[in-house]
Amino acid sequence: MAVKIRLARKGRKKVAFYHIVVADSRSPRDGRYIEKIGSYNPVTNPATIELDFDKTLGWLQNGALPTDTCRAILSYKGVLMKKHLMEGVKKGAFDEAEANRRFDEWMKQNEAKIEAKKSGLEKSQDEDLDNRLKQEKKINEARAARLAKKQADLAAKETADLKAITAVEEETAGADETAVEEESAPAEDSATETDAEAPAEDKPQE
């Protein structure tokens with residue numbers, strides 16, 4: 001029976017996570033498995049990996065074959081490195097203490113790389129946030145400038161309309177005054193003529 005270390009999909013659509021399981025290669029992907037040895041969540045950044053190191057190493061030493069994705073996960077967590085060092089101990093290339101020393105040194109370097117990646121991601125996220133805030137500020141400033149211009153144009157239009165209305169009212173008032181003066185002038189002339197003719201009518205006859 002060929003035994004594989006592979007992923008079993010869990011979770012809902014677009015929010016999937018995976019169990020790392022040991023299963024018969026003939027079983028369906030999400031079917032029965034022999035043992036669960038960890039979990040993998042690719043949604044987080046960086047991905048979250050939980051792994052039972054000793055169990056996974058034991059299954060590898062017993063001949064379990066990881067899939068490509070699981071091989072990358074095991075390499076990332078140092079399981080494949082540990083297996084390689086333990087094979088060197090079996091061959092007599094070095095003792096177990098030297099293997100542990102080399103593994104500890106590798107783990108320190110790997111953890112430093114992981115921390116550097118996390119710091120880079122956090123810095124990148126901060127820069128993205130700053131850029132978004134700057135762009136939003138520019139958009140708001142441009143929007144405020146357009147609104148101020150629109151309000152200024154409306155105020156100017158209202159002022160111009162008010163001036164035009166005032167001018168028309170003044171012109172109308174002037175025309176009315178002129179018409180009143182013209183109407184009153186003939187009336188005064190008629191009164192003067194009437195006054196001039198009145199004494200002649202009242203003169204006594206001899």
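Within region 3-93, how many Lys pairs sit with Cα atoms under 14 Å apart, leaving out pairs fewer than 8 places apart on the same chain?
9
Setting aside same-chain residues fewer than 8 positions from residue 150, which lysines have a Cα under 27 Å from its Cα?
134, 137, 138, 163
Once you compute Rg and the Kirkwood Rh from C-alpha atoms, what is the Rg to Rh ratio for region 3-93?
Reported Rg/Rh, Kirkwood definition of Rh: 1.01.
Tell me which chymotrypsin sites (Phe, Trp or Tyr not before Pro) from region 70-177 have a DSSP coil assignment and no more than 14 other beta carbons within 10 Å of their own.
94
Whose amide H sits under 5 Å from the amide H of residue 35, counting only residues 5 or more places off or on another chain, with H placed in the peptide plane?
Here the answer is 22, since their amide H atoms fall under 5 Å of that of residue 35.
How much space per residue, in cubic angstrom, does the convex hull of the C-alpha atoms of region 1-159 take up?
138
So if I place +1 on the C-beta of Lys and Arg and -1 on the C-beta of Asp and Glu, and nothing else carries charge, what would the dipole magnitude of region 1-128 be about its Cα centre? I want it in debye, nearest 20.
740
Each value in this text was obtained by applying a stated rule to the coordinates, not by laboratory testing. Bear in mind the structure is a predicted one, so any value in this text is a computation, not a measurement. Cβ atoms come from the backbone with ideal geometry, glycine included; neighbour counts cover every protein chain shown.
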